[in-house]
1. Rounded to the nearest whole Å², what accessible area per residue is found for the range 14-152 with the 1.4 Å probe?
2. Using a 1.4 angstrom probe with every protein chain in place, what is the largest-first accessible-area order of Ile145, Ile73, Ile6?
3. If I build a Gaussian network model for the chain, linking alpha-carbon pairs within less than 10 angstrom, which residue out of Thr17, Thr151, Thr101 has the largest mean-square fluctuation?
4. Carbon and sulfur atoms: what percent of the 1.4 Å accessible area of the chain do they account for?
5. For the chain, just the Cα atoms, rotate onto the principal axes and tell me the three extents in Å, largest first.
6. Using alpha-carbon pairs under 8 Å, 6+ residues apart, how would you state the relative contact order of the range 45-170 in percent?
7. Which number comes out as Rg/Rh for the range 286-344 once both Rg and the Kirkwood Rh are worked out on C-alpha atoms?
8. With n ≥ 4 as the cut-off for DSSP H runs, can you work out [θ] at 222 nm for the chain, using -39500 (n - 2.57) per run divided by the number of residues, rounded to the nearest 500?
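The values are calculated or read from the model by the stated rules, or taken from the named source; none is laboratory data. All values reported here derive from a predicted model rather than from experimental measurement. Side chains are part of the model used for accessible areas, which takes the heavy atoms of the whole protein and leaves out ligands, DNA and RNA. Shrake-Rupley method; radii C 1.70, N 1.55, O 1.52, S 1.80 Å.
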Amino acid sequence: MPRSAIRRYLRLLAPGTQLRGGLDRILLGRTGALIVLGNNARVQQVCSGGFQLGVDCTEQNLRELAKLDGAIILSNDLTRIVAAGVHLVPEGDLPTAETGTRHRSADRTAQSAGVPVVTVSASMSTVSLFLGGRRHPVETVPQVISRANQTLATLSRVVTRLTDQLEQFSQLEIADQVTLRDLTHVAHRLELTRRLSTEMQFHVDILGVEGRLVSLQHAELASSFEGVADLLTEDYAHNLADPSDFDLLALHNFTPEELFSSGLVAERLGFGSTANLEQSLGTRGVRLLSRVGRLPAPMVTKLVGRYSLQEMFGASVSQLMEIDGIGPRRARLIRDALLRVTESNGGS
């Protein structure tokens with residue numbers, strides 16, 4: 001089952017939703033429940049008896065109907081309660097590791113009907129989501145916040161290291177000393193950061209309205225490396241015979257062990273399995289120039305199209321004025337901006 005599908009349904013069960021509010025009420029009432037999240041022909045095939053309702057899916061209605069024996073069937077958009085007190089009779093030979101009657105019915109119904117099923121255990125005070133033959137615990141808010149804070153702390157440390165590494169990388173770019181090995185190290189760190197950020201977003205999604213604070217903290221951290229992958233592609237893809245082969249997205253399915261191999265990373269980036277990691281790479285300088293607030297993207301494009309990075313740093317005001325659309329005032333601003341870039345990165 002794709003992680004995206006699981007995330008979608010866990011988001012629907014996040015705090016602040018009607019469904020989660022109903023589940024919390026059921027937990028407090030210690031009655032337990034079996035809720036089918038969707039209604040189709042296959043669901044109807046495993047349903048027997050019960051009461052056809054067609055009422056709004058509210059917290060109060062879910063709580064009251066959970067007192068009945070049997071399952072609650074929701075509409076596909078989860079806004080209506082289609083039926084309650086339903087006896088589920090899925091195929092008995094479907095594989096399941098569950099032993100309890102309610103959980104076993106939920107697992108087999110989810111497999112047979114192809115829709116998720118939620119159980120509330122009165123004895124264990126737990127909520128579970130059954131989907132694709134697997135059971136996914138619906139954690140409490142304190143549990144998720146605890147894991148979110150751990151992930152946030154780790155992400156903060158990794159972002160700090162990535163920032164330091166990019167600063168060192170910038171110095172190498174200014175000195176025209178970047179090697180393929182240097183690029184793989186940055187790509188490795190950037191991919192680790194992206195993975196942690198994705199995990200953090202997952203926590204934010206399933207926290208719902210309770211995740212506002214950690215969401216703001218995550219957004220602040222994520223903004224520090226947003227767009228870096230695209231800028232690195234603009235800067236280094238031209239080092240390949242076919243620039244379209246340069247693809248940082250290709251690292252997404254690497255195992256953590258593979259990410260630590262510079263040779264494998266270089267190969268996946270399009271440089272081949274026999275690439276010399278000490279080979280020099282040229283940069284167009286887009287990432288460096290994009291950090292200068294007063295240089296709009298179209299002007300950066302013009303500059304990198306006319307000069308190499310080292311030529312840019314040595315260009316005079318009069319030389320910059322030769323570029324179409326750059327007058328004396330803008331040329332001086334660009335010259336000052338280029339000087340700030342070199343000074344901020346330890347240049348001479």
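1. Ligands and nucleic acids excluded, the figure is 47 Å² per residue.
2. From most exposed to least exposed: Ile145, Ile6, Ile73.
3. Ranking Thr17, Thr151, Thr101 by mean-square fluctuation puts Thr101 first.
4. Details: 8680 of 17330 Å².
For the chain, the apolar C and S fraction of the accessible surface comes to 50 percent.
5. Sorted from largest, the Cα extents of the chain read 85, 46, 34 Å.
6. Numbers: 164 pairs, mean separation 19.4, N = 126.
So the answer I get is 15 percent.
7. 0.90
8. -16000 deg cm²/dmol
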